[in-house]
Every structure is written in structure tokens, then in C-alpha cells.
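**Q** Take this structure, written in C-alpha cells, and hold onto it; I'll ask about it next.
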Amino acid sequence: MIFYISDIFFNIGRYYMLIIRTFSKPEKNYIFRKRVFEEIDTLGIGSLPLVLIISMFMGAVITIQAAFGFDSPWIPLYAVGMTTRDSVILEFSPTLVSLILAGKVGSSIASEIGTMRVSEQIDALEIMGVNSPTHLILPKITAAVLINPFLIVISMFAGIIGGWGFGVLTHVVTPYEYLYGIQYDFRTFNVIYALIKTVVFAFIISSVPAYHGYFTKGGSLEVGRSSTKSVVYSSILILVFNFILTQLLLA
């Protein structure tokens, strides 16, 4: 038990030291900008189809479940649209989509950096005098923090539109009642709250897998293990910080 706790603190300290090295000034700004745009394309744009599909069906399921759950005549039908809107904006888009991105993007980051570590490419960068964390990790963190809020906003729209489309097709709600519901008592702060969470989750999704990949030792088998651990720890941290941010911003 004591060894396990000491191992946790060791990894937290090593992660902190890696982040300090990562946020050093890039040696060449034009190379850094080029890498950021490359990572935006790889980590963000490449995930857009998956985000759209998941969000549309997520909105559809919430709408249908809400319609069948509100069977009391005292509950107005427009509550279906309101429930879908709040569920998608407050929780499903920022948290569920971030968990999915932790699996897709996080495993990719850990595998890429882990492969560079075991093939001694990172050692070569260090020998050439390049700050490897800034060169390899900072563009990924910057790209994720910049592009993930856009992905989540798109996810919100896709979820609400998916709920409207499937709700009308299955005749569980009328178009007028659904549209009235998504406009009823709308609070702008809910979107701000969701985007704050998204930025924090984006940092976790990019930095934690990079940490596991950077300190990989061994061969290809250890790269796979680092990739798996990065997804597990990223998902746990997303859930923990989801609770903390909810308490701080909504309580």
C-alpha cells in the first residue's frame, strides 16, 4: 500500500517536471506553428466524423428516452427538447465526447511518442540540443486546447439536431414543441461551463498520454502498455475533474 502511494506521488512529480519542460519557449516559432496546424488536422479534424456520428445518435437516444419518460399529462411536451438541450450541453458533449477522444487521440499520442522513445529518436533530439518535450508535446497540447472546444460546439449542435430529426421521425415529439423546448429558459452560462470543462479535458487528453509515451521503456510491447495506461488514466482524470469543475462552477 505504501509502495503504491509513493509510486503515485512519483508519477505526479515526474509529470509536473515534464510539463515545466514542455512549456519552455520553442526554439523556432515557424516550426512550432507548422506542427500545431499539423496536430490540429490529425487530432481534431480527423476526429470530426466520429464526433458527429456519436453526437447525433446520442441526441436521438436522449430525446426518445425523455419522451417516453415524461408520460405524465402535467409535463409539457416541450420539456423533451429542453431536456435534450441541457443534457447534451452540460454533460454528454463535453464529457462523453472527451472520454471517446481520450481513447482515440490519447492512444495515438502515447503510441507515437512511445515509439519514438524506444527507437531512440527522442535521444537523438536531446543529443542535437533540442528540448524534446517542447518540440514533441507542446504542439499536441496547444492543438488539442485550440480545436477541442470547436469539436464540442459542433457536437452540441449535432446532438440537438439529431434529437430533433429522430424525435420527429419516430413521432415522439412535434417539430414545434421540440424547437420551443430548446429555446425555453436557455442559459448562456451552460455553454461557457461546458467549454471550460472542454479546455481542461483537452489538456488532460493530450498531456497524460504524452507523459506515458515519453517515459516508455522497452520495446513495442511496452508501447502498447503505455497506450493502454494513458487511456485509463486520462479517462479517470476526466471524470475526477468533471466532478471538481461541476462543484466549483455550478454548486
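**Q** When you take every Cα atom in segment 189-251, what is the radius of gyration, and what is Dmax, the widest Cα pair distance, in Å?
**A** Using the Cα atoms of segment 189-251, the pair Rg, Dmax is 14.5, 47 Å.
**Q** Next question, about the same structure. List the trypsin sites (Lys or Arg not before Pro) within segment 172-231 that DSSP assigns to loop and that have no more than 10 neighbouring Cβ atoms inside 10 Å.
**A** Counting only loop positions with at most 10 other Cβ atoms within 10 Å, the trypsin sites (Lys or Arg not before Pro) in segment 172-231 are K217.
**Q** Pick out, from I31, A110, I89, the residue whose Cα sits farthest towards the positive end of the charge dipole of segment 1-158, with +1 on the Cβ of Lys and Arg and -1 on the Cβ of Asp and Glu.
**A** Going by the Cα projections, it comes out as I31.
**Q** For n ≥ 4 DSSP H runs only, could you compute -39500 (n - 2.57) per run for the chain, divide by its residues and tell me the 222 nm figure to the nearest 500?
**A** Rounded to the nearest 500, it is -26500 deg cm²/dmol.
**Q** Can you give the FRET efficiency to the nearest 0.05 for Q183 and T42, using r as the Cβ-Cβ distance and R₀ = 35 Å?
**A** Given R0 = 35 Å and the Cβ-Cβ separation, E is 0.40.
**Q** Same structure again: Taking other Cβ within 10 Å of each residue's Cβ, how do M82, M17, M128, M156 sort, fewest first?
**A** Least crowded to most crowded, the residues run M128, M17, M82, M156.
**Q** Right, next: So if I place +1 on the C-beta of Lys and Arg and -1 on the C-beta of Asp and Glu, and nothing else carries charge, what would the dipole magnitude of segment 34-133 be about its Cα centre? I want it in debye, nearest 20.
**A** 220 debye
**Q** Going down the table (K104/K197; K34/K217; K28/K229; K104/K140), which pairs top 21 Å between alpha carbons?
**A** K34/K217; K28/K229
**Q** What list of ³J(HN,Hα) values in whole Hz, one per residue of segment 127-142 in order, does the Karplus curve 6.51 cos²θ - 1.76 cosθ + 1.60 (θ = phi - 60°) give from phi, with Gly and Pro shown as x?
**A** Going residue by residue, I get 5, 6, x, 8, 6, 4, x, 5, 6, 9, 9, 4, x, 5, 5, 4 Hz, with x marking Gly and Pro.
**Q** Here's something else I'd like to know. How many nm is it between the label spots at I12 and S24, if each spot is 7 Å from the Cα in line with the beta carbon?
**A** Modelled inter-label distance: 2.6 nm.
**Q** Among T115, T63, what is the fewest-to-most ranking by other Cβ atoms within 10 Å?
**A** Sorted ascending by nearby Cβ count, the order is T115, T63.
**Q** If you don't mind, another one. Find how much the distance from A251 to Q65 grows on full extension, using 0.36 nm per residue of separation minus their present alpha carbon separation; answer in nm with one decimal.
**A** Length difference between fully extended and current span is 64.3 nm.
**Q** Using Cβ counts within 10 Å as a stand-in for footprinting exposure, how do D185, D86 rank, fewest first?
**A** D185, D86
**Q** Just how large is the dipole of segment 27-250 about the Cα centre, in debye to the nearest 20, putting +1 at every Lys and Arg Cβ and -1 at every Asp and Glu Cβ?
**A** For this selection, approximately 260 debye.
**Q** Please name whichever of P76, I236, P175 sits farthest to the positive end of the charge dipole of the chain, dipole taken about the Cα centre and charges placed at Cβ: Lys and Arg +1, Asp and Glu -1.
**A** So the residue we want is I236.
**Q** For segment 27-250, what is the convex hull (Cα atoms) projected area averaged across all directions, in square nanometres?
**A** Answer in nm², one decimal: 13.9.
**Q** Just in segment 109-165: which GluC sites (Glu not before Pro) are loop by DSSP and have at most 12 other Cβ atoms within 10 Å?
**A** Hits after loop and neighbour filter: E120.
**Q** Which of the GluC sites (Glu not before Pro) across segment 1-79 are loop residues per DSSP, with 12 or fewer other Cβ within 10 Å?
**A** Within segment 1-79, the qualifying GluC sites (Glu not before Pro) (loop, at most 12 other Cβ atoms within 10 Å) are E27.
**Q** What's the longest piece of the chain with no exposed chymotrypsin sites (Phe, Trp or Tyr not before Pro), counting a site as exposed if DSSP puts it in a loop and it has at most 15 other beta carbons within 10 Å?
**A** Between exposed loop sites, the widest span is 75-183.
Each reported figure results from applying straightforward, stated rules to the coordinates on display, with no laboratory input. Not measured: the values here are computed from a predicted model. Methodologically, a virtual Cβ is constructed for each residue, glycine included, from the backbone with ideal geometry; neighbour enumeration extends over all protein chains shown.
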